[in-house]
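Below: the structure, in structure tokens.
Just so it is clear, none of the values below were taken in a lab; they were calculated from the coordinates. Worth saying up front: this structure is predicted, and the values here are computed from it rather than measured. As a convention, Cβ positions derive from the backbone with ideal geometry for all residues, glycine included, and neighbour counts pool all protein chains shown.
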């Protein structure tokens, strides 16, 4: 109950505040049952609990004063020691609800902000798992004995075109940019193949989800792009700052390729690459054009509410489209799956015609040593290390 | 490369103070070692207030998807009220 109730605490500013506004009452008839009554129908409500910021918390925990210094929860491992920005030691939770799990006794996490250093540790046998490797490192590890690369799912790289500031506040400029794109070249830049390992569309819905509506690519048309720019008042082209995380896998390659693709149309991108922590803390949510890594939510309405509703806390493109807001709310409340899909279809069509995002989907890559077995990482993004064993 | 080696050395030395336990203990225990690169993602910082970070239940989910088969987990995921997730290209690169 505490976990749910605290989402509505205005002092916390919880990311799920809007999702749980729908709570009417919560009851706990016994020690193992929670009964949630909603104000309105929400057929995919269960999925909200799968988001990574919905960890189960105890009311005994003084989050206000302890923050994350002494974490607790219901997971398979318990924190034994944390040295901020250096390392963490977690030990098996002997009271974990799933019998026989976790299989490992300890989990040691080294916070290594440099991917090359992380891979060096892997190659030296000092660590077993390195998440978020690049395609280049993937090729290197696969050429060596003793390592393998796991790709449990695709994740998105959202190219966000800010709706509330020039130049992308004009849909003709957004369309001009989209007409300058070439998904095949972008896929090659990501060391992949379009339609096999790399996917591209102009909506927030990833191609792998059932809600995805197939809309043919508009085609690269530089003349059309120039025409649209001239209509929007940029006959001589324009220049725009483009912020991204230069150390995030695919980040620099995508940014450089976008710059080269957009240039012939007269759109000059001023590349502003920063380390990921700097990007997220200082530039994300506040730039005319952004490239951000996004994990897939198993129910896309979670992502829509978070990032594409005008009141979404992570509305990075500052989109403010009343019809899109309305459709997101209808999607969340519609019980009939077929009717719900019609809302998804209309929403994706609107994004294709006047949206603020290009959705490039890339493989999430994890480098592991051959000693690792049963590495699992579901679409909810967080690794399930309770199943993992080390030979 | 030199910078990488130096950084590795620094991190391992620092971590040794946390993971001190001796060779014998290491042999007896099954230990998973992860190099996590995302700055501030599971350390106190910019994500404060989101009940996220290094919570013990960070590895605890309601939904499971088997990366080997692409099949999703609990039956209620498949019962028609829930969004379906297709398997397929997401298994790219799997060993």
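Got the relative contact order for chain A handy, in percent, Cα pairs under 8 Å and 6 or more residues apart?
23
Rg over Rh of the stretch A:116-162, using C-alpha atoms and the Kirkwood radius, what does it come to?
1.09
Within 10 Å of each Cβ in peptide A:10-22, how many partner chain Cβ atoms are there on average? Round it to a whole number, please.
Per residue, the average neighbour count from other chains is 1.
Listing A:97, A:314 from the residue with the fewest other Cβ atoms within 10 Å to the one with the most, what is the order? Walk me through the numbers before you get to the answer.
Values: A:97 11, A:314 15.
Neighbour counts put them in this order, fewest first: A:97, A:314.
Could you identify which residue out of A:273, A:355, A:237 has the top mean-square fluctuation in a GNM of chain A using Cα springs shorter than 10 Å?
So, out of A:273, A:355, A:237, the one fluctuating most is A:237.
Gap in Å between the Cα centre of the stretch A:252-276 and the Cα centre of the stretch A:75-120?
Taking the Cα centre of each part, the stretch A:75-120 and the stretch A:252-276 sit 37 Å apart.
Over the stretch A:239-286, what is the relative contact order in percent, taking alpha-carbon pairs closer than 8 angstrom and at least six residues apart?
Computed over the stretch A:239-286, the figure is 50 percent.
How crowded by other chains is A:126-135, given as the mean number of beta carbons from other chains within 10 Å of each beta carbon? Let's see the in-between values first.
On the way: counts 6, 9, 5, 5, 5, 5, 4, 1, 0, 1.
That average works out to 4.
Rank these for me by crowding, A:347, A:271, going from fewest to most other beta carbons within 10 Å.
Ordered from fewest to most neighbouring Cβ atoms within 10 Å, A:347, A:271 come out as A:271, A:347.
I need to check one value: relative contact order of the stretch A:142-279, counting alpha carbon pairs closer than 8 Å and at least 6 residues apart, in percent. Mind showing how you got there, number by number?
Details: 170 pairs, mean separation 33.0, N = 138.
Relative contact order, the stretch A:142-279: 24 percent.
Tell me, how many Å apart are the Cα centres for the stretch A:203-224 and for the stretch A:1-35?
37
Please arrange A:144, A:289 by how many other C-beta atoms lie within 10 Å of their C-beta, fewest to most.
In order of increasing Cβ crowding within 10 Å: A:144, A:289.
When the label point is put 7 Å from the Cα of residue A:171 along its Cα-to-beta-carbon vector, which residues of the stretch A:351-365 have a backbone N closer than 18 Å?
Answer for the stretch A:351-365: A:351-359.
Per residue, how big is the convex hull of chain A when only Cα atoms are used? Give it in Å³.
So the per-residue Cα hull volume is 151 Å³.
Where does chain A land at 222 nm, in deg cm²/dmol rounded to the nearest 500, when only DSSP H runs of n ≥ 4 count, each adding -39500 (n - 2.57), divided by all residues?
Rounded to the nearest 500, it is -7500 deg cm²/dmol.
Starting from the Cα of residue A:97, step 7 Å along the direction of its Cβ; do the same at residue A:81; then give the gap between the two resulting points in nm.
Here the modelled spin labels are 3.1 nm apart.
Return the average number of partner chain Cβ atoms within 10 angstrom of each residue Cβ along peptide A:86-97.
Whole-number average of other-chain Cβ neighbours for A:86-97 is 4.
With angles folded into 0 to 90 degrees, how steeply does helix A:222-231 sit against the dominant principal axis of chain A? Use alpha carbons for both and round to 10.
80
I'd like the per residue volume of the convex hull spanned by the Cα atoms of the stretch A:319-391, given in cubic angstrom.
Spread over its residues, the Cα hull of the stretch A:319-391 gives 144 Å³ apiece.
Let's test this: bin the Cα-Cα distances of the stretch A:164-213 at 5 Å from zero up to the farthest pair and state each bin's percent.
Going out from 0 Å in 5 Å bins, the stretch A:164-213 shows 5, 18, 19, 20, 18, 14, 5, 0 percent.
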